[in-house]
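Report on the structure given below.
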Amino acid sequence: RERLAMAGNQESRLALVVADTAGPLRAIAAALLDLDGRPAASPKAALTALVADWPEATWQALLDNMSVARQTRTLPAGAARETLVGVMALADRLRQRIEELD
């Protein structure tokens, strides 16, 4: 959230934040699936598998944008802010899932 505030509406900076957060979120998803006894082939595949279990249909578009940002360090015009907000929602869902482990 701090990085969102710092980047403001500069889409290029927001895309970099998305790109930088994709790897750690994927790693968390991989760890969660490992704990569930469902190891994935890669952290990216783990995140895809994890969100497939969630009822909201909007996650795949977010994952696609995260991949674009990670590969190109950019996002389509007008998509950066919404994608970063989605990344924050994804991080919150992962945090909730971690808290359920207790």
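Under 8 Å for C-alpha pairs, at least 6 residues apart: give me the relative contact order for the chain, rounded to a whole percent.
37 percent
Rounding to the nearest 20 debye, state how big the charge dipole of the chain is about its Cα centre with +1 on each Lys and Arg Cβ and -1 on each Asp and Glu Cβ.
400 debye
Can you compute the helix-only [θ] at 222 nm over the chain? Use -39500 (n - 2.57) per DSSP H run of at least 4 residues, normalise by all residues, nearest 500 deg cm²/dmol.
-24000 deg cm²/dmol
Compute the angle between helix 43-52 and the longest alpha-carbon principal axis of the chain, please, reported from 0 to 90 degrees and rounded to the nearest 10.
That works out to roughly 80 degrees.
Would you mind getting me the FRET efficiency between Glu82 and Gln10? Use the beta-carbon distance for r and R0 = 22 Å, nearest 0.05.
0.90
For segment 4-102, report the accessible area per residue in Å² (1.4 Å probe, heavy atoms, rounded to an integer).
Here the residues of segment 4-102 average 55 Å² of exposed surface.
Once Lys and Arg get +1 and Asp and Glu get -1 on their Cβ, which of Gln10, Leu33, Pro55 lies farthest toward the positive end of the dipole of the chain?
Gln10
How big is the accessible area of Arg81 in square angstrom, nearest 10, if you roll a 1.4 angstrom probe over the protein chains?
110 Å²
If I fit a long axis through the Cα atoms of helix 80-99 and take the longest principal axis of the Cα atoms of the chain, what angle between them do I get, 0 to 90°, rounded to 10?
Roughly 20 degrees between the two axes.
Take the chain, compute every pairwise Cα distance, and split them into 10 Å bins from 0; I just need the percent in each bin.
P(r) for the chain, in whole percents per bin: 16, 49, 28, 7, 0.
Expected output is a single nm value to one decimal: the length gained when fully extending between Arg93 and Ala27, i.e. 0.36 nm times separation in residues minus the C-alpha distance. What is it?
Using 0.36 nm per residue and subtracting the Cα-Cα distance, I get 22.3 nm.
In Å and on Cα atoms, what radius of gyration and Dmax does segment 15-69 show?
Just the Cα atoms of segment 15-69 yield Rg and Dmax of 11.0, 33 Å.
The values are calculated or read from the model by the stated rules, or taken from the named source; none is laboratory data. Treat the numbers as computed from the prediction; the structure is a model and nothing was measured. No Cβ is skipped: glycine too gets one built from the backbone with ideal geometry, and neighbour counts run over all protein chains shown. Only protein heavy atoms, including side chains, enter the accessible area calculation; ligands, DNA and RNA are left aside. Shrake-Rupley method; radii C 1.70, N 1.55, O 1.52, S 1.80 Å.
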